Amino acid sequence: MDSKDIINTKEKVEKLSIIKSKNKFINIKSDYFIQRLFNNIPKKVSLKIIKNNMNIQKRLNININSYKDFSEKYSSIELEIVPIQYGFGGPFIKIIEEDNKYFHIYFNDNKEEIKRTKIDEEDKISKITIIIDYQIESFYDLFRHCTCIEYINFKKFYKSF
């Protein structure tokens, strides 16, 4: 071995020690403490933090199913409603007042959100898009007595990390 090889190996060892020092959780011996630490952080933020760290994923017992469960539970639902041709005046959806902030209504692929639940005669609507946030747990009575609906298409959005 000549001196160049020794210098190169020293540089490699120094680089490896710098890389290893970035993982601050390796010094913590208790898995329970790490679990308590990550329980105090919102679930989405904690999953983003440990997304690329296999060591912490193993210590916290998190796998791909944890990510799937989280994204399924906290995903939005999109409804695409096609109203009947002359179906104006009546409501196309019934929203409870306290849940109004979790519903986002758009007419004809417009980017501007609409706050009303009735179709006026002058609207000329061919499609209504409704995005429902994950906080809504039930669709009970959502479309009861809504006579201006011809077709409803359901889609589910999965949030990405």
Exercise. Only one of these is basic (Lys, Arg) and either within 15 Å of SER76 (Cα to Cα) or modelled with pLDDT under 80 (or both): LYS101, LYS127, LYS111. Name it.
Key: LYS101
Quiz item: Only one of (1) outside the structural domain of SER30 (by TED's automatic domain parsing); (2) free of Cβ contacts under 8 Å to residues at least 60 places away in the same chain is not met by ILE84, so which one is it?
Solution: (2)
Quiz prompt | Total residues in the stretch 67-92, condition modelled with pLDDT of 85 or more and within 17 Å of the chain's Cα centre (by Cα) | solution = 3
Quiz prompt | Pick from the stretch 102-161, criterion among the basic types (Lys, Arg) and touching a Ser or Thr at 6+ places or on another chain (Cβ under 8 Å), ranking: nearest to LYS44 (Cα to Cα) | solution = LYS159
Quiz item: Residues of the stretch 20-38 being modelled with pLDDT under 85, assigned to a helix (DSSP H, G or I) and charged (D, E, K, R), which ones?
Solution: LYS20, LYS24
Quiz item: Restricting attention to the stretch 68-77, which residues are surrounded by fewer than 16 Cβ atoms within 10 Å (Cβ to Cβ) and either touching a helix residue (DSSP H, G or I) at 6+ places or on another chain (Cβ under 7 Å) or not polar (S, T, N, Q) (or both)?
Solution: LYS68, ASP69, GLU72, LYS73, TYR74, ILE77
Practice problem: Please list, ordered by first then second residue, the pairs with beta carbon atoms under 8 Å, 6 or more apart or interchain, first in the stretch 56-80 and farther than 27 Å from PHE92 by Cα, second basic (Lys, Arg) and loosely packed, with under 15 Cβ neighbours inside 10 Å. | Solution: PHE70/LYS43; PHE70/LYS44; SER71/LYS159
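For ASP133, indicate whether it is in contact with a helix residue (DSSP H, G or I) (Cβ under 8 Å, 6 or more places away or on another chain) and modelled with pLDDT of 80 or more.
Judged against the criteria, ASP133 is a match.
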Quiz item: Got a sec? Which of PHE139, PHE143 is over 23 Å from the mean Cα position of the chain (by Cα) and not β-branched (Val, Ile, Thr)?
Solution: PHE143
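The values are calculated or read from the model by the stated rules, or taken from the named source; none is laboratory data. A quick note: this is a predicted structure, and the numbers were derived from the prediction, not measured. When we count neighbours, we look across all protein chains shown, and the Cβ atoms used for this are built from the backbone with ideal geometry, even at glycine.
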